[in-house]
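Derivation of every value follows stated rules applied to the coordinates shown; laboratory data play no part. Every value quoted in this text rests on a predicted model; they were computed, and no experiment measured them. Counting neighbours? That spans all protein chains shown, and the Cβs are built from the backbone with ideal geometry, glycine included.
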Amino acid sequence: MTTLKKSYHIKSRDFIRAGEASIQIQTLLKSLNFNPKLIRRVAICGYEGEMNVVMHGGDGSLSFAINADEMIMEISDDGPGIPDIEKAMQSGFSTASDEHREMGFGAGMGLPNMKKNADDIIVESEKGQGTRVRMVFFIDKGGGVR
Amino acid sequence: MTDIQQIACFVHFDKSLCNGHATCIRACPTKAIRMIDKRTVSVVGQCIGCGECIRVCGAGAVRATAAETGSVGRDHVAIALVSPVLYAQFPGVMPKDILMGLRQMGFRHTIDMSYFLEIFHYATEEFIDRNRESNKAPWPLISPVCPVVVRLIANQFPSLLPHVLPVLRPAALMAREVKRRIIPYYHDSGDAVALYYINPCPTKMNPNCRNSQKQPDIHEVALGINDIFPQLAGHIEQIKNSDAIPFDQTRYEYETCATGNASMWAMSGGEIAEMDFDRSLAVSGLEETITYLQKIEMGLFKDIEYIEFRTCREGCLGGVLTAVDKYLAKSAVQKMIKLFGLGRRLTRENILRMYEKGQFQTEKSPAKLIDLYGTKKAALSLESLQEIEETMELLRGTDCAACGAPDCRTFAEDIVRGTARLQDCLWISAHSTIKSKRNKREITMTVKDLVERLGLQVVAGDKGLDRRVEDGYCGDLLSEIMGNAPAGCVWLTIQGHQNIVAVAVLRDMAAIIVTGGHTPDEETLQKANQEGIPILRGSESAFQLAGRLFSMGVGKSLEE
Amino acid sequence: MKLSEIVDALEAAVICGNNHLSKEITTCGASDLMSDILAGLSEGCILLTGLTTVQVVRTAMVAGVGAVVFVRGKKPPQEVIDLAREQELPLISSPYSMFVSCGRLHKCNLTGLDGRR
């Protein structure tokens, strides 16, 4: 079975380029004629994940593997880590700084939004040890095609 | 230079002026332009009429497909549909004088857009008001006024078509009104009529395009503002300097009544400035528009109600067919706003009545738009995407466009889709002309000899078995092979995908030997047969085969 | 044949592992793709390769390779050399191409990884 893999580097605090990887993935999935709803869910998860890495310091990477059945996306970084993952998964809880809020972020929607949009999500993190988020998206039997 | 068919309706490439810089190719937002033979440029994909190619060509080789201005009104009744951008081209001149100038040029009627802009304002406010309750159309709503944006959405962001406000745009309202009210009057008296669109951009060029007119008896012509500017400027000078009021007959109210609102429309932000909602945005410029559309597609900006997009920076007064610098024009507009003020003249109740009757519904449904402007390219499969990634690794990755495609990824896609070959890349071709300098022993051995002496299996390219073998080469890193393999070599590798054939052709190899019992892909064999490059198979390892070849004299230099 | 004899046959330079030059080598593998190495029986072989990444050393360790020759005069980056030194894996560099290197070693009666010539 063919598996396409790609990886993108995420630079910490680079707000100008933040989100570029997710947009590239969105374009790629569009060229495959995938269901637009699926594409949107994937793009949201990618975007939120990318923003989290950019905001909280530490460089990171976004990589994905896609085959006919599913798409797996992994976003990992060597940032400060998440001390209490359960709390972070609650809608509304935010660790965004004032600077971030000025830029329109930090509504506390990051992880909960990712959880809502991915078919499955695993978050591994420890304070001071960086973070790894792994998400799975199932592609419909019709190959995701509209 | 060969004659290439132009699929585009909107622009034309002049081969005699083209200097092969490929700037237009890189600027095209739908990557629709390609160049072959390093000088022949043509549109092969979907052109959306944005005019970027016209804008960026340093040699002036690209222009809008427009009509001649000579014979306005000679043997027909000429009606001018005037874009408010025209008023911004003559700082200090009143709009009514500009319209009069047009009439002196030969236009019987000059239709100003103000009336229709106001109708659009009311209809839009009404729609958004109702949508706040029903939420039927998804937020943010997108302005339909710039036709390039609508086509761009149909081509690259079709999932966003439901966001486009389904209200008839002012220019379309204007054309419809003229066709309903003015033209029948002339047809009754047997006069021929021609509609002239005076535009700041090429979006309504070549009316002979498949996507226009249902009424073939109305001749429609598109003129760029820069086409009529010299003549018009001359007439306006006369009007400014004359004391007497020239005889000038107008019939309809909308021939003379430009308002401040109308002139504001020429600027980016002009559409939403006077409308009745807070959460709106105005974006101008092609790159900016695309970036925002990508973000909307991702689900951002849901809290914005209405976004005005213009693909020309600063709005329509930045259009590629304007005559005056956009900042000068902008300042002229700002002065006009101060002069005229921004009041409306039409009443809401009247417009509402027509709205209820569905008078302002768009005529083009999303399905129709996709049919007209949607991408005609087949969707890619995972396998093709994988191939594209692999092909990209062979390329330099500097997006130089020397191959005639806008960037390396698109070139790789063209190769996978079969419309380009690896050899079209100038960098790769250049590499392959570097010859190796070793003194080699003269050996007269053909591929057929190798097959027999080593007991190899011929799996493709048997018409090339008489090719001379001059050297041997081992390796699996394609980029290295492409840079170093000597001409006339037999190449030992375990790689089996079709790029090996392209590489073999590039380096003018005698044959490929796939070692270790590996099997090349079906496509590889087909390609090899096409190119006449023999592919041989052996179960032995590269070490073994290379060793035996070497002992037969292949690849040995004079010193050995 | 001894590793030192291989160094001579390939007119190679020793990058690291000078103290292992008396190693006996009987088989040879030639490849740029590491998965290929892992698929064969590479215990104690000499590996000819054009790939100069750290993966080469790791694969060589996993597969039990005896020594690595970088062909076409290539030299790996320092981190690769450091890792090899740490793992006691000899690295040498030959100016010859992989094809010629195979030819020369074949002449010296080394066999392929499967023992055949």
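Tally Lys/Arg at +1 and Asp/Glu at -1 over every other residue whose Cβ is under 14 Å from the Cβ of residue C:26; what's the total? Walk me through the intermediate numbers first.
On the way: positive: C:2, C:23, C:116, C:117; negative: C:5, C:24, C:43, C:114.
Result for the neighbourhood of residue C:26: 0.
Of the listed peptides B:415-425, B:489-499, B:339-349, what is their order by residue-averaged count of other C-beta atoms within 10 Å, with the highest listed first? Don't skip to the answer; put the middle values down first.
Working: B:415-425: 17.1, B:489-499: 23.6, B:339-349: 11.7.
Highest mean packing first, the order is B:489-499, B:415-425, B:339-349.
Taking square-rooted eigenvalues a ≥ b ≥ c of the alpha carbon gyration tensor, is segment B:102-175 rounded, prolate or oblate, where a/c under 1.5 means rounded and, failing that, a/b exceeding b/c means prolate? Kindly include the intermediate steps, with their values, before the conclusion.
Details: a/c = 4.80, a/b = 1.73, b/c = 2.78.
It comes out oblate by the Cα gyration axes.
What is the sum of charges, Lys and Arg at +1 and Asp and Glu at -1, for the other residues whose Cβ falls under 14 Å from the Cβ of residue C:116? Spell out each step's value before the answer.
Numbers: positive: B:548, C:117; negative: B:540, C:114.
For residues surrounding residue C:116, the net value is 0.
Using the Cα centre as the reference, give the magnitude of the dipole from point charges on the C-beta atoms of the protein assembly as shown (Lys, Arg: +1; Asp, Glu: -1; all else neutral), rounded to the nearest 20 debye.
Values: 92 positive and 99 negative charges, 278 e Å.
For this selection, approximately 1340 debye.
Quick check of the Kirkwood formula: for segment A:4-138, what is the inverse mean of 1/r over all pairs of different Cα atoms, in Å? Walk me through the intermediate numbers first.
Details: mean 1/r = 0.0675 Å⁻¹.
It is 14.8 Å.
State the volume of the convex hull built on the alpha-carbon positions of segment B:378-433, expressed per residue in Å³ and rounded to an integer.
Values: hull volume 4.0 nm³, N = 56.
Expressed per residue, the convex hull around the Cα atoms of segment B:378-433 is 72 Å³.
Please give me the summed charge of the neighbours of residue B:329: other residues whose Cβ is under 13 Å from its Cβ, Lys and Arg +1, Asp and Glu -1.
Working: positive: B:313, B:326, B:330, B:335; negative: B:314, B:325.
Counting the neighbours of residue B:329, the net charge comes to +2.
Along each principal axis of its Cα atoms, how long is segment B:77-373 end to end? Whole angstroms, biggest number first, please.
Ordered largest first, segment B:77-373 gives principal extents of 60, 42, 37 Å.
Run the quick spin-label model on residue B:367 and residue C:35: label points 7 Å from Cα toward the beta carbon, then report their separation in nm to one decimal.
The answer from the label model is 4.6 nm.
Using 5 Å bins from zero, what percent of all Cα-Cα pairs in segment B:1-65 falls into each bin?
Going out from 0 Å in 5 Å bins, segment B:1-65 shows 4, 21, 36, 29, 11, 0 percent.
Hey, what number do you get for chain B at 222 nm if only DSSP H runs of n ≥ 4 count, each worth -39500 (n - 2.57), divided across all residues, to the nearest 500?
Values: 22 runs with 210 residues, N = 560.
Theoretical 222 nm ellipticity from helices: -11000 deg cm²/dmol.
Which of the listed residues, B:152, B:117, B:141, is farthest toward the dipole's positive end in segment B:111-154, when Lys, Arg count +1 and Asp, Glu count -1 at the beta-carbon?
The residue sitting farthest along the positive end of the dipole is B:152.
Rounded to whole Hz and in sequence order, give me ³J(HN,Hα) for segment B:142-152 from the Karplus expression 6.51 cos²θ - 1.76 cosθ + 1.60, θ = phi - 60°, writing x for Gly and Pro.
10, 5, x, 5, 8, x, 5, 5, 5, 5, 4
Give the whole-number value, in cubic angstrom per residue, of the convex hull volume spanned by the C-alpha atoms of segment B:445-551.
Details: hull volume 8.3 nm³, N = 107.
Measuring per residue, one finds 78 Å³ for the Cα hull of segment B:445-551.
Taking segment B:337-423 as the region of interest, what is the percent of Cα-Cα pairs per 5 angstrom bin, listed from the shortest bin to the one with the maximum distance?
Computed distribution, short to long bins: 3, 11, 13, 11, 8, 8, 7, 6, 4, 6, 10, 9, 3, 0.
Just to be sure I understand the curve: with the Debye formula and one point per C-alpha of chain B, what is log10 I(q)/I(0) at q = 0.06, 0.12 Å⁻¹?
-0.44, -1.10
What percent of all Cα-Cα pairs in segment C:3-109 falls into each 5 Å bin, going from 0 up to the bin containing the maximum distance?
Going out from 0 Å in 5 Å bins, segment C:3-109 shows 3, 14, 28, 28, 22, 5, 0 percent.
Computed on alpha carbon atoms, what radius of gyration and Dmax characterise the protein assembly as shown, expressed in Å?
34.2, 112
Residue by residue, what Karplus-based ³J(HN,Hα) values in Hz, rounded to whole numbers, does segment A:132-139 have, using 6.51, -1.76 and 1.60 with θ = phi - 60° and x for Gly and Pro?
Along segment A:132-139, the couplings run 9, 10, 10, 10, 10, 10, 8, 9 Hz.
Counting only C-alpha contacts under 8 Å and six or more residues apart, can you give the relative contact order of chain B as a whole percent? Write down the numbers at each step before the final one.
Details: 995 pairs, mean separation 81.2, N = 560.
Relative contact order for chain B comes out at 14 percent.
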